[in-house]
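What follows is one structure encoded as structure tokens, with my remarks underneath.
The values are calculated or read from the model by the stated rules, or taken from the named source; none is laboratory data. These figures come from a predicted structure and were not determined experimentally. Cβ sites come from the backbone with ideal geometry, for glycine too, and all protein chains shown count toward neighbours. Quick note on the areas: whole protein, heavy atoms, side chains included, nothing else; ligands and nucleic acids left out. Shrake-Rupley method; radii C 1.70, N 1.55, O 1.52, S 1.80 Å.
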Amino acid sequence: MINTAIPLREARRVRQASENDRVLLLSRRGKQLIITLHAGERTHTHRGVIEHDTILGMPYGSAMRTHTGQELYVMRPSIHDELMAIRRASQVIYPKELGEILLRLDLHAGRRVIEAGTGSGAMTMAFASAIQATGRVYSYDQRPDMQDLARHNLERIGLESMVEFVQRDIADGFDQENVDALFLDVREPWLYLHSAAHALADGGHLGILVPTTNQIVALLESLEGSVFIDIDVMEILQRHYRPVAGRLRPEDVMVGHTGYLLFGRKIRRTSVPPDPGETVDLPPTEAEHQ
């Protein structure tokens, strides 16, 4: 009789640092450096020279030493690590907002999402990581330099194939229809709500980031009677604590206001009719659009 039972314990696969890998070098105090491994190369840092050949073949989690004896641990960088290390030419969205955005837009493998604008590509990177490998990100921005920078940041971690860049003013609308989610990070997002409604699938998720209360007020006024419901506005604050068991206390500086988030969902044109006297700004049907 053939024993088809699954073993209770399987041999653990040891993951090793290889050529062209992105690796995180981490000190016990949390200082970080991310490099791409290439045989024969070296990286000069204030902690000493790092020989890439020393790291190649090391199991992740292992300790290595620079030429000055500084100890660093070889790790696989997370998307969070990569986001905090990207080259920036504009204000990036902080990780404290990124997690909420990904969950509220319901992004996972196979989803299609539009973002405007691209910026340095932090949000693009988070979206691409969430929807791989069968989804698609459509990133709009007017500035070619921003999209070039975002493309470079995505290429470093191998996510560029998940993203389609569109260089133009979104006042002309979006090329895609029936996308699952749409995110606006632009100065006057209320001007593009009609285009967003046309691009989103029924039941799709809308997300918006703005830095000031004036913009939130303008958005709320524009959203009244629209096809977007379940409107939620929030601000996320983040406070770290010193990880010392004998004197645990908050850090002196916290990550405070970085922006306001607004979320909503699109309803169908044929949904429950509006209250008497209420004006509803609805996108055209396919027949009307033609």
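List pairs: first residue in region 127-140 and touching a residue at least 12 places away in the same chain (Cβ under 8 Å) and under 11 Å from Glu160 (Cα atoms), second residue part of a helix (DSSP H, G or I) and open to solvent by less than 10 Å² (accessible area, probe 1.4 Å) anywhere in the structure, Cβ distance under 7 angstrom, at least six positions apart or on different chains.
Close Cβ pairs satisfying both conditions: Ala128/Leu154; Val137/Thr124; Val137/Phe127; Val137/Ala128; Val137/Ile131.
Every residue in region 236-265 that is in contact with a Phe, Trp or Tyr (Cβ under 6 Å, 6 or more places away or on another chain) and either farther than 27 Å from Gly30 by Cα or part of a strand (DSSP E or B) (or both), please.
Pro250, Gly264
Among the residues of region 190-200, write down those that are in contact (Cβ under 8 Å) with a residue 60 or more places away in the chain and open to solvent by 20 Å² or more (accessible area, probe 1.4 Å).
Answer for region 190-200, where residues must be in contact (Cβ under 8 Å) with a residue 60 or more places away in the chain and open to solvent by 20 Å² or more (accessible area, probe 1.4 Å): Tyr192, His194, His198.
List, please: which pairs have Cβ atoms under 8 Å, are six or more places apart or on different chains, and start with a residue in region 225-237 that is of a type in the set (Asp, Glu) and end with one that is open to solvent by less than 20 Å² (accessible area, probe 1.4 Å) and part of a loop (DSSP other than H, G, I, E, B)?
Glu235/Gly259
Test of understanding: among Ala89, Ala109, Ala150, which residue is modelled with pLDDT of 95 or more and touching a helix residue (DSSP H, G or I) at 6+ places or on another chain (Cβ under 8 Å)? It would help to see each step written out before you state the result.
Numbers: Ala89 fails: modelled with pLDDT of 95 or more; Ala150 fails: modelled with pLDDT of 95 or more.
Testing whether each residue is modelled with pLDDT of 95 or more and touching a helix residue (DSSP H, G or I) at 6+ places or on another chain (Cβ under 8 Å) leaves just Ala109.
Within region 219-235, restricting attention to residues that are acidic (Asp, Glu) and assigned to a loop (DSSP other than H, G, I, E, B), which residue is most open to solvent (accessible area, probe 1.4 Å)?
By that ranking, first place goes to Glu224.
Please enumerate the residues belonging to region 161-189 that are open to solvent by less than 70 Å² (accessible area, probe 1.4 Å), in a helix (DSSP H, G or I) and more than 10 Å from Tyr140 (Cβ to Cβ).
Correct list: Met162, Ala171, Pro189.
Which of the following residues is out of contact with any Lys or Arg (no Cβ under 7 Å at 6 or more places or on another chain), open to solvent by 30 Å² or more (accessible area, probe 1.4 Å) and under 22 Å from His205 (Cβ atoms): Tyr138, Tyr94?
Numbers: Tyr138 fails: open to solvent by 30 Å² or more (accessible area, probe 1.4 Å).
Result: Tyr94 is the single residue among Tyr138, Tyr94 that is out of contact with any Lys or Arg (no Cβ under 7 Å at 6 or more places or on another chain), open to solvent by 30 Å² or more (accessible area, probe 1.4 Å) and under 22 Å from His205 (Cβ atoms).
Taking Asp180 as the residue in question, decide whether it is under 26 Å from Ile216 (Cα atoms), modelled with pLDDT under 95 and not basic (Lys, Arg).
No, not satisfied.
Scanning for something among the basic types (Lys, Arg), touching a strand residue (DSSP E or B) at 6+ places or on another chain (Cβ under 7 Å) and surrounded by 12 or more Cβ atoms within 10 Å (Cβ to Cβ), does region 249-269 turn up at least one residue? Outline the logic, then answer.
Of all residues in region 249-269, those among the basic types (Lys, Arg) come to 249, 265-266, 268-269.
Those left that are additionally touching a strand residue (DSSP E or B) at 6+ places or on another chain (Cβ under 7 Å): 249, 265-266, 268.
Within this subset, residues satisfying the condition of being surrounded by 12 or more Cβ atoms within 10 Å (Cβ to Cβ) are 265-266.
Yes - at least one qualifying residue is present in region 249-269.
Residue-wise test of (1) out of contact with any strand residue (DSSP E or B) (no Cβ under 6 Å at 6 or more places or on another chain); (2) of a type outside the set (Val, Ile, Thr); (3) at pLDDT 85 or above.
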{"position": "Arg28", "(1), (2), (3)": "yes, yes, yes"}
{"position": "Gly40", "(1), (2), (3)": "yes, yes, yes"}
{"position": "Thr43", "(1), (2), (3)": "no, no, yes"}
{"position": "Glu51", "(1), (2), (3)": "no, yes, yes"}
{"position": "Gln70", "(1), (2), (3)": "no, yes, yes"}
{"position": "Arg104", "(1), (2), (3)": "no, yes, yes"}
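Within region 57-77, which residues are in a loop (DSSP other than H, G, I, E, B), in contact with a Leu (Cβ under 8 Å, 6 or more places away or on another chain) and open to solvent by 50 Å² or more (accessible area, probe 1.4 Å)?
So the first thing to find is which residues in region 57-77 are in a loop (DSSP other than H, G, I, E, B), and the list is 57-58, 60-62, 66-70, 76-77.
If we keep only those that are in contact with a Leu (Cβ under 8 Å, 6 or more places away or on another chain) as well, we get 66, 76-77.
Selection gives Arg76 alone.
Just to be sure, is Ile216 open to solvent by less than 20 Å² (accessible area, probe 1.4 Å) and among the β-branched types (Val, Ile, Thr)? Break it down stepwise before answering.
Working: open to solvent by less than 20 Å² (accessible area, probe 1.4 Å): yes; among the β-branched types (Val, Ile, Thr): yes.
For Ile216, the condition - open to solvent by less than 20 Å² (accessible area, probe 1.4 Å) and among the β-branched types (Val, Ile, Thr) - is met.
Give me a count of the residues in region 51-64 that are more than 30 Å from the chain's Cα centre (by Cα) and touching a residue at least 12 places away in the same chain (Cβ under 8 Å).
Result for region 51-64: 4.
Quick check on Gly121: is it touching a strand residue (DSSP E or B) at 6+ places or on another chain (Cβ under 6 Å) and modelled with pLDDT under 95?
On the way: touching a strand residue (DSSP E or B) at 6+ places or on another chain (Cβ under 6 Å): no; modelled with pLDDT under 95: yes.
Taking the combined requirement at face value, the residue does not satisfy it.
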